[in-house]
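S.K.: Structure incoming, see below.
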Amino acid sequence: MSEKKRFSREVRLRLEMCSGCLKMCRDNCPTATASSSESLTPYIRTLNVNLNEKQIRAYDEGALDSIFSCLTCNLCNTFCLPKVDEEDLMKLARASIVESGIDVSKYSKIGESIALYHNPLQETHQKRIDSVKDLITESEESDVLLFLGCMGSYREIEIARASIELLRKLNIKFTIMQDEWCCGSPAIQTGFLKQAEETMNHNITEWKERGIKQIITPCSACYRTIKTTYPKYTDFDFQVQHIIEVIKSKIDDIQFAELSSKVTYHDPCHLGRATKVYEAPRELLQKIPAIELLEMEHSREESFCCGSGGGVRANFPDLSRAVGILRIEEVHKINADYLISACPLCKYHFKDLPNKGHLKILDIVELINQLLII
Amino acid sequence: MVKNEEIYRELESIVGLQNISTRDADRIAYGRDAFSLKIMQYRLPSILKQPLPDYIIWVESLEQISRILKLANEKKVPVIPYGGGAGVNGGIVPLTGGISLDLKKLKRIELHEEANYVLCQAGVIGQHLENFLNKKGYTLGHLPSSLTTSSIGGFIATRSAGALSSLYGSIENMVLDLEVVLPSGQVVHTNPSRVPRKATGPNFNELFIGSEGTYGIIADACLKIRRNPDIREFAGFLFPTLTAGLQAIRKIMNLGIRPSIIRLYEAVEARMVYHIEDIEKDQSYLTLSFDGYEETKEFVEDQKKICTRLCLKAGAKDMGDEGGKIWFKNRLNMYYPNPDWIKMSVLADTIDVVTTYDNLENLFYKMKEAVQSKKVNVMAHWSHFYLEGGSMYLIFVMLEKDTEKDPKASNLYKEIWAKGLKACIENGGSISHHHGIGIFRGEYMEQELGPGIYDLLKGIKNYLDPNGIMNPGKLGL
């Protein structure tokens, strides 16, 4: 244990509050609900951090598992009166753990992959835009960048392709960066800040060199990170928009084909609670003729996490699935035909889970691209 | 470190590797509930000296509970049932180690609408059951302050009461049947026909309600439900004295009116809760609420009118409905950690006691006198009313730092509890209305129950649990 206190007085107070709480947010924590374990609750996570901070009890594997298994969805904060901001506390704790030299190899897949491959998925960097190459023409020059993100580039290719097609249909000129690196979000969420800084610096340098003024992305994690974290690292001067906001700005000029189905929208944590974009996707979906838009038991600021955030999908796959299954159950309860999200990771995770078979899981960009009438 | 490899292996063979832990971090997580002393100890190096379970087990079926209890009996290992860990008396603290048996994976809910009951497994969190019922138009009517964090099994095992108890009753009034695993591993039902009442000897629900895990493990409950009210009307009154407020409540109950919320505050707490800055020290503040349905709207209005008339006649000032509405909306807020209190090392706790109307005021003054000092402030409110009396929440707030070498705060805290409980018993009160017994109150159980009944409590324990494996050290056993 280090002799030096690592956290500010303000952070220590938040740790003290959360770890001594009467457990008021338990009924909402996705990992606590899915695991039924006290150890995977917000207050026990902060207790582990607090005890290490006070040099009472050093981190052991159990404490580290508790801390690294937080989805960083911050749903608990919605129900926290003093707003201790568990997500922030977990990110601070993880970063300090990584920095301190404690063996974190069990949780380091994402950070290492970003350092080696510039994406958290251990995919070859050179192949990053292969999936959309046929849609890109060399002549496209613009100060508007479509930032595809790692999930769009490697896993949810249909979202990346739909984003390109959609922006074209809306007559928005844009460019795609051949040498796009991870936005840094997975590294930030899991505490690997050096790797995050490296990838952020690369992107910023590239954008500046290419005269980029506006960044559009279909990924809610990229959106949140570029919009809220990048400015803390650089003299940032880019306009950042989630693609939903771009489409929403054209809402009066667009028409959709009918969709006679029950549709529910899952608020991604990064786009909802973190950046408060709740209405734009709903307004767009409502505009689709014949659609029946249903809300799940938990939505907007109370939305349940998909189960894949905070590195949990990579590091604790069983827990990640268990949380996702709870969310899919909410979809089934309202008999929705479509589960729509606005985050490639949410969609990718949902697709991986068992459902009753008839449920169609799509990103909002894909749905809109399918239904848009030019 | 595994305490006993053989026991570990046998437990693992029952629940599987994914449902057992002996890791220190998990053991620490299961050593604490919402007991103020425990929370204080968990802030300090003293956490390392706290009793912890040796094994954490998550059970997924009734059969697993039964097999574990048989094994625990054979090996003489203590078993502590664990629900939400939200009790305020250390009820789940494993005083002699053993197995902390987490029941939260037992979360099935089954609505029987036509019979007005719900089958609910012990591990369901109270708020989750209430959400489920509300969606179907029903309520359990049980809204304790720990609703978001405690479990159905915990409500029953601690004999809990909620904010609306004056109308809907406490948990014992909601239980139709319990499925209990006895320490021998045998599974029994306390009222298998789930009938509302019967004259077939003693009511065996009552044997397990409030047994705090000492008589067996409550695995499943059949609970009465009711239509969720459409209307909740509030009223607030400022009385010239505490006596006038308490007398008004008795008169309301005598008229057969049952407000869902009845809360009377003495001046110190009223000032804090309702922000009535100019309240005088003898005055008291009463909040009432009246529940009903669209179809019974007039009935609700009439009850409110009658109570208003009665209170005004008793010299009260009508304070309108805003105070009650705000209180109900924010009723859980005071249970969240307060940054200013943490900075100042404030420790607060509640001694919930109960007595008859003729003694409620006297008991307050006697307990206040016993507990209050230069270092300890006292306030109180009265709630959970019956035809004969009600409960009193004596809240004490102390300012004292604690250190490992000089545990001033924990000593003072224990001293306050001892003085408060002693004064309660000496002045005709009962030592717990709904928080239960847990650790501190155990030593007063013989006095509380009287020698004959205390012997019966122990005798039943010896019959059901001859090896004393079930939650040792609780309920005065």
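The values are calculated or read from the model by the stated rules, or taken from the named source; none is laboratory data. A quick note: this is a predicted structure, and the numbers were derived from the prediction, not measured. Because the Cβ atoms are built from the backbone with ideal geometry, glycine has one as well, and the counts that use them run over all protein chains shown.
S.K.: State whether one or more residues within region B:1-24 are within 12 Å of another protein chain (Cβ to nearest Cβ), closer than 18 Å to B:G84 by Cα and among the charged types (D, E, K, R).
M.R.: No, there is no match, as no residue in region B:1-24 is within 12 Å of another protein chain (Cβ to nearest Cβ), closer than 18 Å to B:G84 by Cα and among the charged types (D, E, K, R).
S.K.: Moving to a separate point now. Within region B:246-269, is even one residue farther than 24 Å from B:E388 by Cβ, assigned to a helix (DSSP H, G or I) and not hydroxyl-bearing (S, T, Y)?
M.R.: yes
Conditions (1) within 21 Å of B:K104 (Cα to Cα); (2) at pLDDT 95 or above, marked per residue:
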| position | (1), (2) |
| --- | --- |
| A:L15 | no, yes |
| A:S37 | yes, yes |
| A:P42 | yes, yes |
| A:D60 | no, yes |
| A:D65 | yes, yes |
| A:S69 | yes, yes |
| A:C73 | no, yes |
| A:G101 | no, no |
| A:S108 | no, no |
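S.K.: What tally of residues in region A:28-53 results from selecting those that are of a type in the set (A, V, I, L, M) and over 21 Å from the mean Cα position of the chain (by Cα)?
M.R.: Residues flagged as of a type in the set (A, V, I, L, M) and over 21 Å from the mean Cα position of the chain (by Cα) within region A:28-53 amount to 4.
S.K.: What number of residues in region B:278-305 are under 24 Å from B:E361 (Cβ atoms) and either part of a helix (DSSP H, G or I) or without any contact (Cβ under 8 Å) to a residue 24 or more places away in the chain (or both)?
M.R.: 3
S.K.: Looking at region A:345-374, which of the residues that are β-branched (V, I, T) and touching a residue at least 40 places away in the same chain (Cβ under 8 Å) is farthest from A:P268 (Cα to Cα)?
M.R.: Ranking the candidates gives A:I374 first.
So that you can scan it fast, the table gives a plain yes or no per residue for (1) more than 22 Å from the chain's Cα centre (by Cα); (2) among the acidic types (D, E); (3) crowded, with 24+ Cβ neighbours inside 10 Å; (4) farther than 23 Å from A:I110 by Cα:
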residue	(1), (2), (3), (4)
A:I176	no, no, no, yes
A:A187	no, no, yes, no
A:E209	yes, yes, no, yes
A:K227	no, no, no, no
A:Q241	no, no, no, yes
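S.K.: Does A:D267 fit the bill of being surrounded by fewer than 20 Cβ atoms within 10 Å (Cβ to Cβ) and within 21 Å of the chain's Cα centre (by Cα)?
M.R.: Judged against the criteria, A:D267 is not a match.
S.K.: Consider B:R108 against the criteria (1) among the basic types (K, R); (2) surrounded by 20 or more Cβ atoms within 10 Å (Cβ to Cβ); (3) away from every other protein chain (no Cβ under 12 Å): it satisfies all of them except one. Which criterion is unmet?
M.R.: (2)
S.K.: Kindly indicate the residue of region B:51-91 that is of a type in the set (S, T, N, Q) and part of a loop (DSSP other than H, G, I, E, B) and also surrounded by the most Cβ atoms within 10 Å (Cβ to Cβ) among those meeting that condition.
M.R.: Per the criteria, the residue is B:N89.
S.K.: Only helices (runs of 4 or more DSSP H) wholly contained in region A:259-344 count here; list those with 2 or more residues that are aliphatic (A, V, I, L, M), in contact (Cβ under 8 Å) with a residue 12 or more places away in the chain and closer than 26 Å to A:F192 by Cβ.
M.R.: Per the criteria, A:312-315, A:317-333.
S.K.: Give me the residue from region B:92-103 that is within 14 Å of another protein chain (Cβ to nearest Cβ) and over 21 Å from B:S13 (Cβ atoms) and, out of that set, surrounded by the most Cβ atoms within 10 Å (Cβ to Cβ).
M.R.: Within region B:92-103, the match that is surrounded by the most Cβ atoms within 10 Å (Cβ to Cβ) is B:I92.
S.K.: Next question, about the same structure. Taking region B:290-332 as the region of interest, how many residues are within 14 Å of another protein chain (Cβ to nearest Cβ) and surrounded by 13 or more Cβ atoms within 10 Å (Cβ to Cβ)?
M.R.: Result for region B:290-332: 2.
S.K.: Further question on the same structure: When you scan region A:1-31, how many residues do you find that are surrounded by 24 or more Cβ atoms within 10 Å (Cβ to Cβ), in a loop (DSSP other than H, G, I, E, B) and more than 10 Å from chain B (Cβ to nearest Cβ)?
M.R.: Residues flagged as surrounded by 24 or more Cβ atoms within 10 Å (Cβ to Cβ), in a loop (DSSP other than H, G, I, E, B) and more than 10 Å from chain B (Cβ to nearest Cβ) within region A:1-31 amount to 1.
S.K.: Is there a residue in region A:124-131 that is closer than 30 Å to B:I125 by Cβ, outside any helix (DSSP H, G or I) and at pLDDT 95 or above?
M.R.: Looking through region A:124-131, none of the residues is closer than 30 Å to B:I125 by Cβ, outside any helix (DSSP H, G or I) and at pLDDT 95 or above.
S.K.: Could you tell me which residue of region A:59-91 is farthest from the other protein chains (Cβ to nearest Cβ), considering only residues that are surrounded by fewer than 20 Cβ atoms within 10 Å (Cβ to Cβ) and under 16 Å from the mean Cα position of the chain (by Cα)?
M.R.: Restricting to residues being surrounded by fewer than 20 Cβ atoms within 10 Å (Cβ to Cβ) and under 16 Å from the mean Cα position of the chain (by Cα), the top hit is A:K91.
S.K.: Also: Go through region A:101-111 and report how many residues are touching a residue at least 40 places away in the same chain (Cβ under 8 Å), surrounded by fewer than 16 Cβ atoms within 10 Å (Cβ to Cβ) and part of a helix (DSSP H, G or I).
M.R.: The number of residues fulfilling the criteria is 1.
S.K.: Would you say B:L48 is within 13 Å of another protein chain (Cβ to nearest Cβ), within 23 Å of A:T41 (Cα to Cα) and not in a strand (DSSP E or B)?
M.R.: The answer is yes for B:L48.
S.K.: Go through region B:27-49 and count every residue that is free of Cβ contacts under 8 Å to residues at least 40 places away in the same chain and of a type in the set (S, T, N, Q).
M.R.: 0
S.K.: Are there any pairs, at least 6 apart or on different chains, whose C-beta atoms fall under 9 Å, with the first in region A:71-83 and within 24 Å of A:N315 (Cβ to Cβ) and the second of a type in the set (A, V, I, L, M) and surrounded by fewer than 22 Cβ atoms within 10 Å (Cβ to Cβ), and if so, which?
M.R.: A:L71/A:L319; A:N74/A:A274
S.K.: Which of the residues spanning region B:335-365 are surrounded by 14 or more Cβ atoms within 10 Å (Cβ to Cβ) and in a helix (DSSP H, G or I)?
M.R.: B:Y335, B:P339, B:W341, B:I342, B:Y357, B:N359, B:L360, B:E361, B:L363, B:F364
S.K.: Go over the candidates A:E198, A:E180 one by one and state the one that is in contact (Cβ under 8 Å) with a residue 24 or more places away in the chain, surrounded by fewer than 24 Cβ atoms within 10 Å (Cβ to Cβ), over 20 Å from A:I244 (Cα atoms) and outside the structural domain of A:V98 (by TED's automatic domain parsing).
M.R.: None of the other options fit; the residue is A:E198.
S.K.: A follow-up question, please. On the given criteria, is A:A34 more than 18 Å from B:I92 (Cβ to Cβ), among the small types (G, A, S), more than 8 Å from chain B (Cβ to nearest Cβ) and buried (at least 21 other Cβ atoms within 10 Å of the Cβ)?
M.R.: yes
S.K.: Being at the interface with chain A (Cβ under 7 Å from one of its Cβ atoms) and within 25 Å of B:T350 (Cα to Cα) is the filter; apply it to region B:26-44 and report the residue that is farthest from the chain's Cα centre (by Cα).
M.R.: B:R43
S.K.: Out of all the residues in region A:345-369, which are of a type outside the set (A, V, I, L, M, F, W, C) and either touching a strand residue (DSSP E or B) at 6+ places or on another chain (Cβ under 8 Å) or part of a loop (DSSP other than H, G, I, E, B) (or both)?
M.R.: Listed by number, the residues that qualify are A:K347, A:K351, A:D352, A:P354, A:N355, A:K356, A:G357, A:H358, A:K360, A:D363.
S.K.: Here's another thing I want to ask about it. With (1) under 23 Å from the mean Cα position of the chain (by Cα); (2) at positive phi as the list, and B:G320 as the residue in question, which single condition is left unmet?
M.R.: With respect to (1) under 23 Å from the mean Cα position of the chain (by Cα); (2) at positive phi, B:G320 is out only on (1).
S.K.: Is it the case that some residue within region B:116-134 is touching a residue at least 60 places away in the same chain (Cβ under 8 Å), in a loop (DSSP other than H, G, I, E, B) and within 13 Å of another protein chain (Cβ to nearest Cβ)?
M.R.: There is at least one residue in region B:116-134 that is touching a residue at least 60 places away in the same chain (Cβ under 8 Å), in a loop (DSSP other than H, G, I, E, B) and within 13 Å of another protein chain (Cβ to nearest Cβ).
S.K.: When you scan region A:92-99, do you find a residue that is crowded, with 18+ Cβ neighbours inside 10 Å, away from chain B (no Cβ under 12 Å) and of a type in the set (D, E, K, R), even just one?
M.R.: Scanning region A:92-99 turns up at least one residue that is crowded, with 18+ Cβ neighbours inside 10 Å, away from chain B (no Cβ under 12 Å) and of a type in the set (D, E, K, R).
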